[in-house]
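Worksheet for the structure shown next.
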Amino acid sequence: MIRIRPMKPPIGQAASLRPIWTMFALAWLALSGCSDSTGPSVTGSIEVATVTTGASLDPDGYVLTVDGGEEQAVGVNETVTLSAVEAGEHQFELAGLTTNCTVTSPNPLIVTVVTGGSVPASFEIECEFVDLEALGRIAFVRADLGAFTGDIWVMEAHGGNPVRLTDAVVDNCPAWSPNGMQIAFTHGDGFFGEVFDVYVMSADGSNPVNLTNNSASDGEPAWSPDGTKIAFVSDRDGNDEIYVMEADGSNPVRLTDDPAFDGNPAWSPDGTQIAFTHGDAFLDGFPGDVWVMDADGSNPVNLTNDPAEDLSPSWSRDGTKIAFVTGRDGSYEVYVMNADGSDPVSLANEPAAEDTNPSWSS
């Protein structure tokens, strides 16, 4: 370092020369770089890898979040580099897995990022074999949180490859025909879908046809196993009750007569029973439950008894399980349980959306 030692001024000139010396010193400091206040980098990078083994791998990959922030897509066997990550401890979490895949390593994963360095981390995932053709597809309704609208989608039974079928004001309550060629559903017109009718369309969303045309609200269709009848809900007699009509919309007959809400009918595969929602969930705030009754409306039995709302039952094709919607996780999600109401398990968990109205394909 070069040291500059100024000449000492005469006693009488000290005061007048001090400002000049001060300016000279500040200029020297500026030129020497001592005024740089940016400092060294305090960030690093991390390489996050997904290592997936097994069969029937997730077709859509996964979702990675850091400290609960923005989501980033990552493949089933992929390494992504996250740069400019602040040095220190961070939480990495992997989500978006199909139900046959499980993270076997720690999740969330706590990683310490080093200043100026690159830190490796990995998630290990195992996927079980799933016969997708045997499982078929599930139709459901997807809507943004808090929205009054919704549309019908279909996905594979393990949760992959969702496809949108309708795009209207309100379309909901899809129900597959026994041959899998058609989907009956509720269609609403008006700003919030004030007028509801039962429609039917092809399984790819084409050829929609109106089956009911009543001044009251008609909806929530459910095909009989032989495809000759459709159960539905109507308030045409002053209260929401379950009706049944021919597949072409003719000859509607009332099945239930109860002051509480009765809706969401779903036939058992053998046609002997109808599962449904019973309760005042939409009237007095009392949570509804999933019930089952004989096809003629007799012998009702309660299958669920949870403080949250349970509704929209749908039978599996072998009659051993019932998919339904519940609010027990804070938002509406799809669950499945045994036909006697035991062993409820979550199938779809998407916090950013509400998943409702499940329906098994034939």
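Treat every Asp and Glu Cβ in the range 70-127 as -1 and every Lys and Arg Cβ as +1, leave all other atoms uncharged, and give the resulting dipole magnitude about the Cα centre to the nearest 20 debye.
That gives the range 70-127 a dipole magnitude of about 100 debye.
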Accessible area (Å², 1.4 Å probe, nearest 10) - residue 311: 20
Calculated from backbone phi, Karplus (6.51, -1.76, 1.60) coupling profile of the range 86-97 in Hz, x at Gly/Pro: 4, 4, x, 8, 9, 10, 10, 10, 10, 9, x, 7
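The values are calculated or read from the model by the stated rules, or taken from the named source; none is laboratory data. In this text, all values refer to a predicted model and were calculated from it rather than measured experimentally. No Cβ is skipped: glycine too gets one built from the backbone with ideal geometry, and neighbour counts run over all protein chains shown. Each accessible area value is taken on the protein alone, full model and side chains, heavy atoms only, with ligands, DNA and RNA left out. Shrake-Rupley method; radii C 1.70, N 1.55, O 1.52, S 1.80 Å.
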